[in-house]
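The values are calculated or read from the model by the stated rules, or taken from the named source; none is laboratory data. The model shown is predicted, which means the values in this text are computed figures rather than measured ones. Note: ideal-geometry Cβ built from the backbone for every residue, glycine included; neighbour counts use all protein chains shown.
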Amino acid sequence: MRHSSFMQFCQAAMLLPPTLRDEVDVLPEEWKGQAEEIRLRAGYPVALVLPEGEREVGKHPVSSADLELVLEIATRGSVHSAMEQVRNGFFTVPGGHRIGICGSGVCRSGEVWNLRQISSLAIRVARQVSGVSAAVLDRLWQDGVLQSTCIISPPGWGKTTLLRDLIRAVSDGEGHPPRRVGVADERGELAGMYGGQPQFQLGRQTDVLDGCPKGAGLLMLLRGMNPQVLAMDEITAPEDVAALEMAANCGVSLLATAHARTQTELEIRPLYRRLLEQNLFRRLVLIERGTEGRCYRVVEL
């Protein structure tokens, strides 16, 4: 897994101009394997986001020309082709890496239409950790039925990584019969769609709808793709809850994530409490960090 993470970082680093790439090429392999993001801010050196925090690793300030060149490399010379995604603040590149963008917004009718005078970029390194779901998968099935499950943890603790691998395992039928999975991927984090093809492995029986609001996406998948399982990342809005309720009433198993440290914290938030009171989820997976790294605790509801 460490070698895979190292290679994924090297792939993301190829988006940098040669002068900046040279600065990260000489970094320790351990840092490359752990880095979550490469941060570029005009006037400051290159920085990495590591598990312990952000760390400057370059020697020379990033220039505006450097930022423009990253976009040229990432879009293969066609920045305008990525503009639809840029309006959301990011776009996806081959390999599933995401580039977040900040600059001066150009607005039309109250909506961001374009970004100019780019001031900073965040290259988020794509991480596919195949097999991580094996630690919990068997405990999510009961009497041949995949139990609707919500994965909870604070930000950055691996919810999306675990959900992504659960989708793959359920779709491919690891240890249990395969299921058709519909994925509502509003922000492109689960599938990393590029050119109509997922850049992450989500399984042979998975259908992805990206770029749509999660609530609307779930309903579109439910009506059009006949899923047996519906998956979404980060329940954040009442519309998400309403769509999950409708899907559950149609007999579909649910896989989702939510921000919370504990089950109690989840229960006291009105948005999530409604889901729990209606028994939409029958399992919680709590991601916890100990002295030996991440561990997963499955709670039956």
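Brief remarks on what is shown
- Any hit, the range 275-282, residues being touching a Cys at 6+ places or on another chain (Cβ under 9 Å), touching a residue at least 40 places away in the same chain (Cβ under 8 Å), assigned to a loop (DSSP other than H, G, I, E, B) and not β-branched (Val, Ile, Thr): yes
- The lone criterion from (1) part of a loop (DSSP other than H, G, I, E, B); (2) charged (D, E, K, R); (3) farther than 25 Å from Asn279 by Cα left unmet by Asp207 is number (1).
- Among (1) closer than 21 Å to Leu301 by Cβ; (2) in contact with a Ser or Thr (Cβ under 6 Å, 6 or more places away or on another chain); (3) assigned to a helix (DSSP H, G or I) - the single one Glu234 does not satisfy: (3)
- Residue that is surrounded by the fewest Cβ atoms within 10 Å (Cβ to Cβ), among those in the range 145-160 that are of a type in the set (Gly, Ala, Ser) and at pLDDT below 95: Gly156
- Residue list for the range 161-173, restricted to those being of a type outside the set (Lys, Arg) and either in contact with a Gly (Cβ under 7 Å, 6 or more places away or on another chain) or crowded, with 18+ Cβ neighbours inside 10 Å (or both): Thr161, Leu162, Leu163, Asp165, Leu166, Ile167, Ala169, Val170, Ser171, Asp172
- Figure legend. Inter-residue proximity from the range 155-166: first residues in contact (Cβ under 8 Å) with a residue 12 or more places away in the chain, second residues part of a helix (DSSP H, G or I), beta-carbon distance below 6 Å, spacing 6+ or different chains. Indicated pairs: Leu162/Val132; Asp165/Val132; Asp165/Ser133; Leu166/Ser133.
- Met225, sole failed condition from (1) without any contact (Cβ under 8 Å) to a residue 60 or more places away in the chain; (2) within 23 Å of Gly96 (Cα to Cα); (3) among the aliphatic types (A, V, I, L, M): (2)
- Test: Ser133 is more than 30 Å from Val24 (Cβ to Cβ) and in contact with a Phe, Trp or Tyr (Cβ under 7 Å, 6 or more places away or on another chain): no
- Residues considered: Leu162, Leu202. Of these, the only one that is under 26 Å from Leu284 (Cβ atoms), in a loop (DSSP other than H, G, I, E, B) and within 14 Å of the chain's Cα centre (by Cα) is Leu202.
- Complete set of residues in the range 168-199 that are outside any loop (DSSP other than H, G, I, E, B), under 18 Å from Ala237 (Cα atoms) and either modelled with pLDDT of 95 or more or in contact with a Lys or Arg (Cβ under 7 Å, 6 or more places away or on another chain) (or both): Val183, Ala184
- Gly192 among the small types (Gly, Ala, Ser) and touching a Gly at 6+ places or on another chain (Cβ under 6 Å): yes
- Yes/no for Ile123 being within 22 Å of Leu266 (Cα to Cα) and touching a residue at least 40 places away in the same chain (Cβ under 8 Å): no
- A single entry from Gly182, Gly144 fulfils the requirement of being in contact (Cβ under 8 Å) with a residue 12 or more places away in the chain and in contact with a Leu (Cβ under 8 Å, 6 or more places away or on another chain): Gly182.
- Only a single item in (1) free of Cβ contacts under 8 Å to residues at least 40 places away in the same chain; (2) surrounded by 19 or more Cβ atoms within 10 Å (Cβ to Cβ); (3) among the β-branched types (Val, Ile, Thr) is not met by Thr264, and it is number (2).
- Verdict on Arg98 being at pLDDT below 80 and of a type in the set (Lys, Arg): no
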